[in-house]
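Below: the structure, in structure tokens.
The values are calculated or read from the model by the stated rules, or taken from the named source; none is laboratory data. A quick note: this is a predicted structure, and the numbers were derived from the prediction, not measured. Heads up, the Cβs are rebuilt from the backbone with ideal geometry, glycines too, and the neighbour counts pull from every protein chain shown. Protein only, heavy atoms only, side chains kept; ligands, DNA and RNA dropped before computing areas. Shrake-Rupley method; radii C 1.70, N 1.55, O 1.52, S 1.80 Å.
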Amino acid sequence: MDNCIFCKILRGEIPSTKLYEDENSMVILDISPAKKGHAILLAKEHAANLFELSDKSAEKILPVVKKVGQGIVKTLGCDGLNVLQNNGEASGQTVFHLHVHMIPRYKGDDVSIGWKPLSYEEGEMALMAENIKKNL
Ligand code: AMP
Ligand code: ZN
């Protein structure tokens, strides 16, 4: 993927600050962090998003997020860590190469990752589940 910024980072054509690397992924510090220590895992396979990633790569990712996430928490002494991953522009994705964010969090910090909770009408929740299950 010639014009993909994360492929360029993976090939070493663009500098990055690397925390971890194995045959399936690389973890680097995010250049514009929500909090210092914010890291992103880049899949080595170019896939625009989670849905395009092979199962083989997908299954290798979570153990790395767990390992590096624990390392970030231990190092920074933060109170929590958001693990999040955007798929599609509407979700906030800006780089279309699969990556997973690890964001250190502190009690009362100013990072905003949130939503206004909605509620379901009577029966709507069960219907929603039935509809989604049909497409699994
Ligand atoms: P997303 O909005 O989920 O697509 O996240 C893309 C992330 O990539 C953002 O948090 C950017 O700050 C980060 N990013 C973009 N370019 C670089 C880069 N050259 N090195 C490190 N992080 C980057
Ligand atoms: Zn790429």
>> Give me a comma-separated list of calculated 3J(HN,Hα) values for region 41-52, in order, Karplus coefficients 6.51, -1.76, 1.60 applied at θ = phi - 60°, integers in Hz, x for any Gly or Pro.
In response: 8, 9, 5, 6, 6, 6, 9, 4, 7, 4, 6, 9
> How about the chain: what cysteines have no other cysteine beta carbon under 4.7 Å from their own?
Replying inline: 78
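Please identify every one of the chymotrypsin sites (Phe, Trp or Tyr not before Pro) in region 31-128 that sits in a loop by DSSP and has no more than 10 other beta carbons within 10 Å of its own beta carbon.
Working: sites: 51, 96, 106, 115, 120; in loops: 96, 106, 115, 120.
Listed in order of number, the matching sites are 115, 120.
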>> With a cap of 10 neighbouring Cβ atoms within 10 Å, and only residues DSSP puts in a loop, list the GluC sites (Glu not before Pro) found in region 1-110.
In response: 13, 23
> Where does the chain land at 222 nm, in deg cm²/dmol rounded to the nearest 500, when only DSSP H runs of n ≥ 4 count, each adding -39500 (n - 2.57), divided by all residues?
Replying inline: -9000 deg cm²/dmol
> Which shape class applies to region 1-97: rounded if a/c is under 1.5, otherwise prolate when a/b exceeds b/c and oblate if not, where a ≥ b ≥ c are the square roots of the Cα gyration tensor eigenvalues?
Replying inline: rounded
>> Between 37, 114, 69, where does the largest GNM mean-square fluctuation fall for the chain, given springs only between Cα atoms within less than 10 Å?
In response: 114
> Among 66, 107, 36, which one moves the most in a GNM of the chain with springs linking Cα atoms closer than 10 Å?
Replying inline: 107
>> Probe of 1.4 angstrom, ligands and nucleic acids ignored: what's the accessible area per residue over the chain, in square angstrom?
In response: 68
>> Not counting ligands, DNA or RNA, and with a 1.4 Å probe, what is residue 128's accessible surface area in Å² rounded to the nearest 10?
In response: 80
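Local charge sum around residue 97 (other residues, Cβ-Cβ under 13 Å, Lys/Arg +1, Asp/Glu -1)?
Details: positive: 8, 11, 44; negative: 2, 45, 52.
Within the 13 Å Cβ shell, the charges total 0.
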>> With θ taken as phi - 60° and the coefficients 6.51, -1.76 and 1.60, list the Karplus ³J(HN,Hα) couplings across region 57-64 in order, rounded to whole Hz; mark glycine and proline as x.
In response: 6, 4, 6, 8, 7, 4, x, 6
> Under the Karplus relation 6.51 cos²θ - 1.76 cosθ + 1.60, θ = phi - 60°, what is the ordered set of whole-Hz ³J(HN,Hα) values for region 4-20, x standing for Gly and Pro?
Replying inline: 8, 5, 6, 4, 5, 5, 4, 7, x, 7, 10, x, 8, 9, 8, 9, 6
> With springs only between Cα atoms under 10 Å, which of 72, 14, 113 fluctuates most in a Gaussian network model of the chain?
Replying inline: 113
> Which aspartates and glutamates have a Cα less than 13 Å from the Cα of residue 36, not counting those fewer than 8 places away in the same chain?
Replying inline: 109, 110
